[in-house]
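A quick write-up on the structure given underneath.
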Amino acid sequence: MRSPLCLTLTPMSVKIKTASIHRIELKTRMPFKYGIATMTEVPMIFVRVAVEINGNESSGTASDLLPPKWFTKSPNEPIENEISEMLGVIRNAIQLSINYEAENLFSLWRLIYDSQTKWAKERSIPALLAHFGTSLVERAIIEATCKHYNQSLSEAILKGSLGFSASSIHSELIGIPFATLLPPQPLSKITARHTIGLGDALFEKDIPDEERIDDSLPQSLEQCIRYYKLKQFKIKISGDLEWDLKRLIEIATVIKNNTEGNFELSLDGNEQFDSIVAFQNYWTKLNNENRLTRFFDHLLFIEQPLHRDIALDSSLRDEFDLWSNNPPIIIDESDSTLKSLPEALLIGYSGTSHKNCKGIFKGIANACLLENCRQSGQKVIMSGEDLCNVGPIAVIQDLAVMAMLGIESVERNGHHYMAGLSQFPSKTQTQILTAHPKLYSKSDHGWPTLEILNGQIDLSSINNQPFGTGFELDLSVYEEIPISE
């Protein structure tokens with residue numbers, strides 16, 4: 001007689017069968033200047049992957065822009081070369097993953113991640129760039145698995161359908177159930193933190209007539225605040241003290257005059273400094289300006305002021321120790337490997353950002369690590385950031401992860417630099433308006449635009465769909481490009 005404690009387990013199997021890449025060229029409605037780059041046009045990539053789960057096939061789609069000068073920040077590299085490099089890491093991640101098989105999705109992702117890591121090291125490809133490719137495959141197979149189980153991302157993680165293990169990434173979490181470190185329910189709304197690029201117009205009166213845009217969407221900062229009722233802002237700085245002082249004073253004037261003093265802000269250092277001491281001197285001089293003192297009372301954190309080449313140097317720990325009452329500083333571009341966050345915390349940083357392009361399972365594990373620190377009494381931060389995330393797929397999947405992680409304030413600026421989904425085929429526009437009537441609405445010109453009401457984004461339709469999307473994007477209307485060059 002069989003013992004009641006002896007269970008017969010059904011073997012699990014997840015296997016990647018096929019994949020495809022599709023592309024569309026997009027133009028920004030205005031130039032977006034961030035760090036050393038100014039974006040005016042950019043390709044968007046769609047990756048579709050077919051997965052076999054326990055003998056049943058399911059498909060998932062992921063998408064992202066190919067932003068120049070973010071993954072490598074090489075000032076002299078031609079943009080065409082950078083796009084080719086991004087496509088190269090995407091193609092490699094797809095090629096090596098086809099026919100990979102594992103007992104669950106998380107184990108499958110780890111096979112892909114480790115193989116991509118080895119391939120990239122042999123070719124001296126930076127980890128941040130290499131795993132951009134990994135992340136697109138990861139996102140697609142997560143959607144496929146969520147569809148197979150008919151579960152939202154939050155359900156699939158918490159119920160174990162994806163096989164996620166935080167402690168296999170951060171050994172500090174061994175013995176701690178990861179579900180106790182994540183919110184039991186995803187957020188129903190998220191506050192949009194509006195990015196103010198280095199070249200963005202602040203005042204309506206400063207926009208030359210020939211640069212005014214007639215697409216029904218706001219253009220200047222003061223217009224955006226009134227139109228979306230914004231209360232949170234991300235301000236990009238250049239590192240040039242004199243230039244930044246003048247611009248920050250103007251930004252402070254616009255924000256204070258249009259929010260009645262009810263606002264919060266973060267600063268993006270854009271990797272402009274070569275040491276904590278250098279940034280401390282810069283920060284002290286900013287704070288010595290009387291017109292900014294009270295403005296910085298609203299500061300949430302400062303993002304990646306140091307260049308990625310030196311930002312995780314262990315010698316910086318002494319510089320952090322010597323800076324008493326320093327503002328919270330987090331990493332972003334330096335969060336390139338599974339061990340970047342623990343290294344950053346030891347040095348003195350307050351946390352990191354989440355972006356889907358840096359990896360979803362990695363981001364969830366980082367959130368678990370930070371929550372464990374928080375429960376131990378440490379003041380730590382996980383912020384939500386993106387470069388220029390837009391629909392019809394990328395922004396939805398990004399918001400699904402942010403909601404699941406409980407990140408209440410998320411940088412959202414794709415809707416500001418792109419004219420909604422005006423550049424996408426009409427079928428795509430109809431699909432997203434039907435699936436997400438509270439997330440997107442028709443602009444005065446008839447195309448879908450992200451809906452931000454009172455500074456917030458409604459996530460109800462995202463939380464009710466398998467990994468947020470809720471429709472099978474018709475990729476036949478997009479250019480298919482080969483998986484191999």
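Miscellaneous remarks
Table: residues versus (1) modelled with pLDDT of 85 or more; (2) not charged (D, E, K, R).
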site	(1), (2)
M12	no, yes
I21	yes, yes
E41	yes, no
V47	yes, yes
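- Among the residues making up the range 387-415, those that are under 24 Å from A166 (Cβ atoms), β-branched (V, I, T) and buried (at least 24 other Cβ atoms within 10 Å of the Cβ) are V401, V410.
- Matching residues in the range 10-32 - criterion: being surrounded by fewer than 16 Cβ atoms within 10 Å (Cβ to Cβ) and either out of contact with any strand residue (DSSP E or B) (no Cβ under 8 Å at 6 or more places or on another chain) or outside any strand (DSSP E or B) (or both): T10, P11, M12, S13
- Total residues in the range 401-417, condition charged (D, E, K, R) and under 24 Å from P184 (Cα atoms): 2
- Unmet criterion (only one of (1) closer than 26 Å to F296 by Cα; (2) in a helix (DSSP H, G or I); (3) of a type in the set (A, V, I, L, M, F, W, C)) for F361: (1)
- I302 being of a type outside the set (K, R) and under 20 Å from Q280 (Cα atoms): yes
- Flag if R308 is surrounded by fewer than 20 Cβ atoms within 10 Å (Cβ to Cβ), in the same structural domain as A201 (by TED's automatic domain parsing), closer than 29 Å to C224 by Cα and out of contact with any Gly (no Cβ under 7 Å at 6 or more places or on another chain): no
- Taken together, the residues in the range 161-176 that are part of a helix (DSSP H, G or I) and in contact with a Ser or Thr (Cβ under 8 Å, 6 or more places away or on another chain) amount to 1.
- Put simply, of I237, I251 the only residue that is in contact (Cβ under 8 Å) with a residue 40 or more places away in the chain and either loosely packed, with under 13 Cβ neighbours inside 10 Å or under 25 Å from Q280 (Cβ atoms) (or both) is I251.
- Of the numbered criteria (1) crowded, with 21+ Cβ neighbours inside 10 Å; (2) closer than 26 Å to P305 by Cα, the one A93 fails is (2).
- For the range 363-413, residues that are of a type in the set (S, T, N, Q) and farther than 29 Å from L198 by Cα total 5.
- Hey, E480 more than 22 Å from the chain's Cα centre (by Cα) and either of a type in the set (D, E, K, R) or surrounded by fewer than 16 Cβ atoms within 10 Å (Cβ to Cβ) (or both) or not: yes
- Given (1) under 29 Å from M404 (Cα atoms); (2) crowded, with 20+ Cβ neighbours inside 10 Å; (3) among the hydrophobic types (A, V, I, L, M, F, W, C), index of the condition A179 fails: (2)
- Scope the range 130-155; condition in contact (Cβ under 8 Å) with a residue 60 or more places away in the chain and hydrophobic (A, V, I, L, M, F, W, C); matching residues: F132, L136, V137, A140, I141, I142, A144, C146, L153
- Test: residue in the range 327-339 that is hydrophobic (A, V, I, L, M, F, W, C), without any contact (Cβ under 8 Å) to a residue 40 or more places away in the chain, assigned by TED's automatic domain parsing to the domain that holds K358 and surrounded by fewer than 17 Cβ atoms within 10 Å (Cβ to Cβ): no
- Considering (1) under 30 Å from L346 (Cβ atoms); (2) modelled with pLDDT under 95, the lone condition that G377 does not fulfil carries the number (2).
- If only residues of the range 49-76 that are free of Cβ contacts under 8 Å to residues at least 60 places away in the same chain, of a type outside the set (A, V, I, L, M, F, W, C) and touching a helix residue (DSSP H, G or I) at 6+ places or on another chain (Cβ under 9 Å) are counted, the one that is surrounded by the fewest Cβ atoms within 10 Å (Cβ to Cβ) is N54.
- Residue identified as among the aliphatic types (A, V, I, L, M), crowded, with 16+ Cβ neighbours inside 10 Å and more than 26 Å from V42 (Cα to Cα) among L87, L108: L108
- Residues in the range 88-106 that are part of a helix (DSSP H, G or I) and in contact (Cβ under 8 Å) with a residue 60 or more places away in the chain: G88, I90, R91, I94, Q95, S97, L105, F106.
- Only a single item in (1) modelled with pLDDT of 95 or more; (2) within 22 Å of the chain's Cα centre (by Cα) is not met by L198, and it is number (1).
- A201 being surrounded by fewer than 24 Cβ atoms within 10 Å (Cβ to Cβ) and assigned by TED's automatic domain parsing to the domain that holds S376: yes
- A Cβ distance below 8 Å, combined with a sequence gap of six or more or placement on separate chains, defines the contacts here; from the range 213-227, residues that are without any contact (Cβ under 8 Å) to a residue 12 or more places away in the chain reach residues that are in a loop (DSSP other than H, G, I, E, B) in the pairs Y227/L217; Y227/P218.
The values are calculated or read from the model by the stated rules, or taken from the named source; none is laboratory data. Fair warning: this is a prediction, and the values are worked out from it, not measured in the lab. Note: ideal-geometry Cβ built from the backbone for every residue, glycine included; neighbour counts use all protein chains shown.
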